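The structure appears right after this line, and notes come after that.
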Amino acid sequence: MPDDATGPELVPADRFGPPEDDMDRLWTPHRMVYIGGQDKPADSSVAQCPFCRIPGGDDADGLVVARGAECYVVLNLYPYNSAHLMVLPYRHVSDYPDLTPSETTELATLTQTAMQVVRQVYAPAGFNLGMNQGEVAGAGIAAHLHQHVVPRWLGDANFLPVVGRTKSLPELLADTRARLAAAWPAA
Ligand SMILES: [Zn+2]
C-alpha cells in the first residue's frame with residue numbers, strides 16, 4: 001500500500017475489540033447463558049453434555065420447541081430475551097466445519113423456521129443469529145455447537161438484567177415453549 005493511500009485507518013492494537021454500543025453489552029453470551037456456571041458441564045464429554053441429554057426427555061421438560069431429523073430447536077434456559085432459541089445438532093460436535101452437509105442444511109432450515117415462528121408469535125423488530133465457537137469466543141457449552149436465535153426489540157437491552165433474574169422465569173419459559181411449539185409448522 002503506498003504511503004498516501006486513502007484506505008482504512010490503521011488501528012493500534014490497544015483499540016481492537018467491539019465498538020461500544022448497546023448491542024455489545026447485550027451480546028455477551030458468556031455472561032448470561034450459564035450464570036455462575038451452575039449448569040456448566042464438568043468436562044466436554046457426552047455424559048456431561050446437557051444438549052445431548054435434552055432430546056432424550058420430553059419436550060416440555062427440556063424446553064424443546066421442535067425436532068428435526070438431525071437437529072432440534074430448544075429454548076435457552078438463561079435467555080437474553082423472550083423466545084431466545086437455540087438450533088443444534090443431536091450429534092455431540094463442537095466445530096461448525098465438522099457438521100455433515102445434511103446437518104448443515106437442517107440447522108439452516110430450522111433457523112429460518114425459528115425466525116418465522118418467533119416473528120409470528122412475538123413480532124420482534126429484529127434478530128441476532130450466531131454461534132460462539134470455543135470458550136474463548138463465549139460459548140457456554142463449547143463441546144456441543146449451538147446456533148443462537150435471539151429476537152430483538154427496540155430498547156430491550158435495558159430491561160434484560162431484570163427479566164433474567166426474576167424468579168418467575170421458569171414459568172415464563174414453559175409458556176413461551178408451548179406457544180412456539182404450537183405455532184411451529186408441521187413437518
Ligand atoms: Zn452434546
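Here are the numbers for this structure:
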quantity: Separation in nanometres of the label points that stand 7 Å from Cα toward Cβ, at L172 and T104; calculated: 3.7 nm
quantity: Fewest-first ranking of L180, L129, using other Cβ atoms within 10 Å as the exposure measure; calculated: L129, L180
quantity: Sites Q112 and S44, calculated FRET efficiency, Cβ-Cβ separation with R0 30 Å, nearest 0.05; calculated: 0.55
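No lab work stands behind these numbers, since they all come straight from the coordinates. As the structure is a computational prediction, the values presented were derived from the model and not from experiment. When we count neighbours, we look across all protein chains shown, and the Cβ atoms used for this are built from the backbone with ideal geometry, even at glycine.
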